[in-house]
Every structure is written in C-alpha cells, then in structure tokens.
Amino acid sequence: RVDSTEAFTVNSRTNWGVFGQHQATVAKHDFQLSLRHDDNQQFGSRVTGGVGWGYPLTENVRLLANFGSAFKAPTFNELYFPGFSNPHLRPEDSRSFEFGTRGKAAWGNWSLNVYENRIDHLIAYDAAIFAPANVDQARIRGFEGIISLQVKGWQLNGNLTLMDPENRSSGPNRGNILPRRAPESFRLEADRQFGRYR
C-alpha cells in the first residue's frame, strides 16, 4: 500500500508468496535447491527457483555454480508517479547463470565470478519518453573480481566489474548498450580504526 501526497491511479496490491529451500551435502558437494510461487494481484502468478552447487577444490579454494530465475513487478512510482511513469509496464522475468571460485590466503580473501543474466521485459529508463519502459529482451554478461586484505592496520576492499549489458530486442536498438549501466566499474574501500574512531 502506498500513501502519498501525489494522487496515484492505483495505490495498493496484494502479493502472496510461498517458498521452500533445501540444502544438502553429498560427498563434499554442497547443493541448494529453492522454489517459490508468487500470486500477484496485478500481474498474476509466477513460479521461480534456483539451484546452487559448491565444491571445496582445496582447503582454501572453493568452486561455485548457480542458476536461478526471478520475477520483478514494476514499482508504484514506475507505474503511476505523476509526470514520470508508465502504466503500461510489464513485470520482468529473468534467468541467471553464475560460475566462480573463491579462496582464502594468509593476506586475505578473494573471489572471481563470471555471470550471464537474460531478462525479458527489462524495466529501464527511456530518454525518448522521459519515463521507464520495457526492453523486450536484454542480456547482461559480466566478470567480477573481489579482493579483501589487511595492510599495516588498514582493511582494504576492492571490487572490479566488467559488464556487457546488451539490448537483444529486435529492431534498431538491437546490440546497443542498455541505458544507465556502466560497462566498467571499480570500487576501493579503505577502513582503519583509530581508538574510538574509524
């Protein structure tokens, strides 16, 4: 339910969900299975789920693989906010794959991951209409590297993301980069404790 000083065409909806998850270890292989059913008053029913796998390659290195599907309904602002909305938006449906490895060392922790997301009806800003719109088909491939270490009392965390966010819809925008998504990004955090201060 949305309460606002602005008049929304629709200000409430009900979403009932039920989900279950199972985790198991079989001969050093870790498995995680999940399933969810949503009944959205406005957008109908969706079934989503995921499968995860993990395996300790060594004592300090672990392999990972994941597959999942997802459902995302448009927000009330995206649908109904006066002057900046699109009441014709459809919900997103997506599938994602991820493969990676992570490890521990004397100096800290690290992880490397590659992934691909395929999204139907991606909700993205459309500069032509100054409002959100659906991208019929989108594909986001990427690589992410994370490192965390301590150097002379400093906690350093670095995150590098290389992404290929592509519009895969038919038409003139096919092959274009998706709006407002950086193909390359890097983040560095430095943290240190000085007595009672950080």
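Within the option set Ser34, Ser4, being under 23 Å from Leu89 (Cβ atoms) and either modelled with pLDDT of 95 or more or part of a loop (DSSP other than H, G, I, E, B) (or both) holds for one residue only, Ser4.
For the stretch 26-43, does any single residue satisfy the condition of being open to solvent by less than 80 Å² (accessible area, probe 1.4 Å), hydroxyl-bearing (Ser, Thr, Tyr) and in contact with a strand residue (DSSP E or B) (Cβ under 8 Å, 6 or more places away or on another chain)? Yes, because at least one residue in the stretch 26-43 is open to solvent by less than 80 Å² (accessible area, probe 1.4 Å), hydroxyl-bearing (Ser, Thr, Tyr) and in contact with a strand residue (DSSP E or B) (Cβ under 8 Å, 6 or more places away or on another chain).
Within the set Trp16, Trp53, the sole residue that is of a type in the set (A, V, I, L, M, F, W, C), farther than 30 Å from Gly145 by Cβ and either open to solvent by 40 Å² or more (accessible area, probe 1.4 Å) or in a strand (DSSP E or B) (or both) turns out to be Trp16. If you take the residues in the stretch 167-194 that are small (Gly, Ala, Ser) and farther than 22 Å from Asn157 by Cβ, which one is most open to solvent (accessible area, probe 1.4 Å)? Filtering first and then ranking leaves Ser170. The combined condition, being farther than 21 Å from Tyr115 by Cβ, loosely packed, with under 14 Cβ neighbours inside 10 Å, touching an Asp or Glu at 6+ places or on another chain (Cβ under 8 Å) and among the polar types (S, T, N, Q), is not fulfilled by Asn86.
Check Ile129, Ile123, Ile140 and return the single one that is of a type in the set (Val, Ile, Thr), out of contact with any Ser or Thr (no Cβ under 7 Å at 6 or more places or on another chain) and open to solvent by 70 Å² or more (accessible area, probe 1.4 Å).
Numbers: Ile123 fails: open to solvent by 70 Å² or more (accessible area, probe 1.4 Å); Ile140 fails: open to solvent by 70 Å² or more (accessible area, probe 1.4 Å).
When all the criteria are applied, what remains is Ile129.
Among the residues of the stretch 88-143, the one identified as at pLDDT below 95 and of a type in the set (Val, Ile, Thr) is Ile129.
Within the stretch 154-198, track down each residue that is of a type in the set (A, V, I, L, M) and either in contact with a His (Cβ under 9 Å, 6 or more places away or on another chain) or under 16 Å from Asn134 (Cβ atoms) (or both). Residue satisfying the conditions is Leu178 alone. Cβ contacts < 9 Å: first residue farther than 17 Å from Pro87 by Cα, restricted to the stretch 6-22; second residue acidic (Asp, Glu) and open to solvent by 60 Å² or more (accessible area, probe 1.4 Å), any location; separation 6+ or different chain. Result? Taking only residues 6 or more apart or on different chains, the pairs are Thr14/Asp39; Asn15/Asp39; Trp16/Asp39; Gly17/Asp39; Val18/Asp39.
Scanning the stretch 97-118 for residues being open to solvent by 70 Å² or more (accessible area, probe 1.4 Å) and more than 11 Å from Glu144 (Cα to Cα) gives a total of 7. Contact map, the stretch 66-81: first residue open to solvent by 70 Å² or more (accessible area, probe 1.4 Å), second residue in a loop (DSSP other than H, G, I, E, B), Cβ cut-off under 7 Å, separation 6 or more or different chains; pairs are Lys72/Pro91; Asn77/Ser85; Phe81/Glu6. All conditions in (1) more than 16 Å from the chain's Cα centre (by Cα); (2) farther than 30 Å from Gly153 by Cβ hold for Arg118, with the sole exception of (1).
The values are calculated or read from the model by the stated rules, or taken from the named source; none is laboratory data. What you see is a predicted model, and the numbers here were worked out from it, not measured in a lab. For neighbour counting, all protein chains shown are included, and Cβ atoms are generated from backbone atoms with ideal geometry for every residue, glycine included. For accessibility, only protein heavy atoms count, side chains too; no ligands or nucleic acids. Shrake-Rupley method; radii C 1.70, N 1.55, O 1.52, S 1.80 Å.
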